[in-house]
1. Just give me the residues in region 304-320 being open to solvent by 60 Å² or more (accessible area, probe 1.4 Å) and either of a type in the set (S, T, Y) or out of contact with any helix residue (DSSP H, G or I) (no Cβ under 7 Å at 6 or more places or on another chain) (or both), in sequence order.
2. Starting from region 443-468, keep only residues that are of a type in the set (D, E, K, R), then list their pairs with residues that are open to solvent by less than 60 Å² (accessible area, probe 1.4 Å) whose Cβ atoms are within a distance under 6 Å, requiring at least 6 positions of separation or different chains.
3. Conditions: (1) among the β-branched types (V, I, T); (2) under 20 Å from the mean Cα position of the chain (by Cα); (3) open to solvent by 20 Å² or more (accessible area, probe 1.4 Å). V508 meets all but one. Number of the miss?
4. Check whether at least one residue in region 167-182 is within 33 Å of the chain's Cα centre (by Cα) and either buried (at least 20 other Cβ atoms within 10 Å of the Cβ) or in a helix (DSSP H, G or I) (or both), and report yes or no.
5. How do the pairs read when you match residues in region 164-178 that are at negative phi and among the β-branched types (V, I, T) with residues anywhere that are open to solvent by 20 Å² or more (accessible area, probe 1.4 Å) and part of a helix (DSSP H, G or I), using Cβ under 9 Å and keeping only pairs 6 or more apart or on different chains?
6. Here is a check on your reading of the model: is E33 under 22 Å from G123 (Cα atoms), charged (D, E, K, R) and surrounded by 24 or more Cβ atoms within 10 Å (Cβ to Cβ)?
7. Out of the residues in region 203-225 that are under 30 Å from H163 (Cα atoms), out of contact with any His (no Cβ under 7 Å at 6 or more places or on another chain) and not in a loop (DSSP other than H, G, I, E, B), which is most open to solvent (accessible area, probe 1.4 Å)?
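The values are calculated or read from the model by the stated rules, or taken from the named source; none is laboratory data. Quick caveat: nothing in here was measured; it's all calculated off a predicted structure. Quick reminder, even Gly has a Cβ in these numbers, built from the backbone with ideal geometry, and neighbours come from all protein chains shown. Each accessible area value is taken on the protein alone, full model and side chains, heavy atoms only, with ligands, DNA and RNA left out. Shrake-Rupley method; radii C 1.70, N 1.55, O 1.52, S 1.80 Å.
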Amino acid sequence: MSRRISRVESGADLLDFLDRGHTASSENRFTFEVAWEAANKVGGIYTVIRSKAFVSTEELGDQYCLMGPYKEESARQEVEECEFPNNSPFQWAVNAMRTVGYKIHCGRWLVDGNPQIILFDIGSAAWKLDEFRQELWQKCNIGIPHLDIECNDAVILGYMIAHFIGEFKVAAEKFSRDHGLSEPKIVAHFHEWQAGVGLIAIRTRQIDVATVFTTHATLLGRYLCAGNTDFYNNLDKFSVDEEAGKRQIYHRYCLERGGAHLSHVFTTVSEITGYEAEHLLKRRPDFITPNGLNVKKFSAIHEFQNLHAMAKDKIHEFVRGHFFGHFDFNLDKTLYFFIAGRYEFSNKGADIFIEALARLNHHLKSSMPDTTVVAFLIFPAKTNNFNVESLRGHAVTKQLRDTINNIQQQIGKRMYDTCLAGRLPDSNQLLTKEDVVKIKRCLYSLQRQGMPPVTTHNIVDDWNDPVLNSIRRCNLFNTVNDRVKIVFHPEFLNSTNPLFGLEYEEFVRGCHLGVFPSYYEPWGYTPAECTVMGIPSVTTNLSGFGCFMHEHITDPKSYGIYIVDRRFIGLENSIQQLAQFMFDFSKLNRRQRIIMRNRTERLSDLLDWKNLGIYYRHARVKALQTVYTDYIDEIGESVYSRANSFNYYTRPVSAPPSPSSSRHTTPAPSVHGSDDEDSVDEDQELHELGMNK
């Protein structure tokens with residue numbers, strides 16, 4: 001049997017260390033994690049911090065604490081405020097800060113794990129901004145423009161955190177002496193340049209704690225890629241100071257570079273970002289710390305398939321309303337593709353996605369005219385309001401559904417009364433003239449003069465919108481003859497959306513394929529989220545996720561991970577390759593798609609924080625050993641060596657589809673062992689998918 005999938009061995013994951021902080025407490029070891037997006041949703045780092053919180057608290061317990069800025073709108077929803085115990089070093093440090101006049105909010109973040117969190121009110125320290133900026137200039141020669149509000153806020157937050165950690169260290173040392181404990185060992189982990197100011201302040205103030213700095217995407221790299229440069233082929237040729245200066249981000253670049261160089265341990269989230277950091281930040285990362293997710297394993301494999309079916313029905317409802325009047329396609333032969341994320345048109349690959357859809361449209365017209373692909377583009381853009389035509393479509397289809405339901409009830413009542421009288425109902429008497437008039441009114445309201453709209457909202461300055469301009473150039477206007485239909489939804493999805501009424505996670509589950517052909521994607525949470533939900537996806541060899549999957553899976557395509565080459569071939573060839581991937585997927589029948597989703601779901605263990613969290617722990621330990629030279633992590637050393645070698649099981653890994661044998665009361669008991677995990681026949685699956693070994 002071919003061996004294509006693997007998982008970290010159980011001895012090389014984080015499970016050995018999940019003792020709710022018992023070990024950390026006995027070693028008098030504290031961990032602070034600092035991020036601008038702690039309980040403050042802005043972008044992908046929020047997902048990293050939020051999803052990792054569970055394994056962090058399972059490992060470190062109350063020896064672990066998150067820190068970030070206090071944003072009232074988010075904090076009031078996500079944080080339950082409460083004070084630390086009075087004899088705790090945390091509370092002593094908080095009280096010392098409040099004595100100075102700083103406002104600090106303490107509590108628990110209402111996510112899995114309920115980690116301790118401290119949020120700093122930036123406004124309460126704004127009066128010290130000039131003092132902080134002067135200190136930064138005197139010690140680092142980094143000047144902050146007065147009008148850069150975000151950077152000024154980052155400076156205030158950074159120095160508040162440095163002050164807090166300094167107070168905490170003094171309090172922890174006093175507490176340890178009073179209780180006969182060993183020297184407190186403190187590690188502070190900072191994410192991205194906004195939090196990195198705190199790291200710079202800690203090192204320049206010579207506060208003796210271990211520091212880790214993680215960059216999830218370099219500032220300059222993001223700007224350079226957005227400027228249509230041949231980024232990866234010229235990484236070693238850029239004059240970084242000049243390029244940062246031209247883009248008016250030199251001060252931010254200096255803060256990011258300072259955080260990278262002053263940290264005891266520097267990490268990036270992927271090999272491709274490490275390569276980028278080596279040339280742009282001038283420091284090679286010490287560790288790669290790939291991002292994970294909290295993977296929910298189902299007791300039966302069909303459970304996530306059922307969730308897919310239920311979410312798909314809700315998307316069907318949207319499609320019926322959006323394409324009313326031109327609803328000329330069979331939903332049973334309709335596939336839903338989507339792309340979503342930050343609105344960076346080229347970086348996220350929306351440009352080649354739309355170009356590839358135009359080619360897919362041609363392939364389907366000529367080869368599979370009965371198959372329809374509805375492609376959703378979900379990027380937040382400036383809008384005036386919902387498109388009236390979209391709202392009207394959902395209103396008239398709802399009216400038709402309500403009218404037919406009412407008529408059905410009336411027909412049922414007439415049939416019941418007629419049968420009670422001992423007569424068979426006459427079909428001519430069931431549907432009255434009044435009912436016919438009601439149905440005709442609904443049918444008349446369904447008539448449409450123009451084409452179904454491409455976008456669900458009115459876009460501000462739509463003639464300069466890159467997505468709409470690309471759609472116009474490719475002539476994808478949702479005509480009757482088009483087999484690829486486009487829906488541009490310029491807002492993130494949530495359950496209060498009047499068109500979809502779906503959370504983003506439900507929407508992803510209801511789609512058939514996620515397409516993320518990014519040019520600049522340091523990690524890529526969108527395809528990772530698809531994978532853990534059993535949805536096949538397209539990624540690239542320039543994304544951290546794509547490189548990770550390519551490195552650890554022999555044949556990613558057979559597990560629903562299509563990797564487009566955007567590094568070693570030309571743009572046109574990449575577009576053709578993407579179009580071919582989507583066309584190949586469109587040719588799969590329903591059973592083949594179910595098999596593919598099952599195979600994709602088996603990869604979820606690779607992305608679980610319980611496996612990937614070991615790399616963050618290793619980085620923290622190395623930072624501690626740099627500062628506290630006598631610190632020995634006896635349990636971890638052997639585990640790290642196995643984790644670095646990345647040994648895997650070679651058999652398919654998935655939760656058992658159902659109990660190994662059925663109860664005797666069922667009509668057809670299962671053959672014992674037929675549903676066991678080991679019974680998965682990879683060769684048979686590949687044969688059904690039409691793939692060779």
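1. Passing the criteria: N306, M310, D313, E317.
2. Final answer for the pair search is R448/G325; D462/L468; D465/I459.
3. (3)
4. Taking region 167-182 and keeping what is within 33 Å of the chain's Cα centre (by Cα), we get none.
Checked against the condition, which is being within 33 Å of the chain's Cα centre (by Cα) and either buried (at least 20 other Cβ atoms within 10 Å of the Cβ) or in a helix (DSSP H, G or I) (or both), region 167-182 yields no hits at all.
5. Filtered contacts from region 164-178: V170/W92; V170/A96.
6. Details: under 22 Å from G123 (Cα atoms): yes; charged (D, E, K, R): yes; surrounded by 24 or more Cβ atoms within 10 Å (Cβ to Cβ): yes.
For E33, the condition - under 22 Å from G123 (Cα atoms), charged (D, E, K, R) and surrounded by 24 or more Cβ atoms within 10 Å (Cβ to Cβ) - is met.
7. The selected residue is R203.
Matching residues to (1) touching a helix residue (DSSP H, G or I) at 6+ places or on another chain (Cβ under 9 Å); (2) closer than 15 Å to A311 by Cβ; (3) at pLDDT 95 or above:
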position	(1), (2), (3)
E503	no, yes, no
C511	yes, yes, yes
G514	yes, yes, yes
P517	yes, no, yes
E521	yes, no, no
E529	yes, yes, no
G534	yes, yes, no
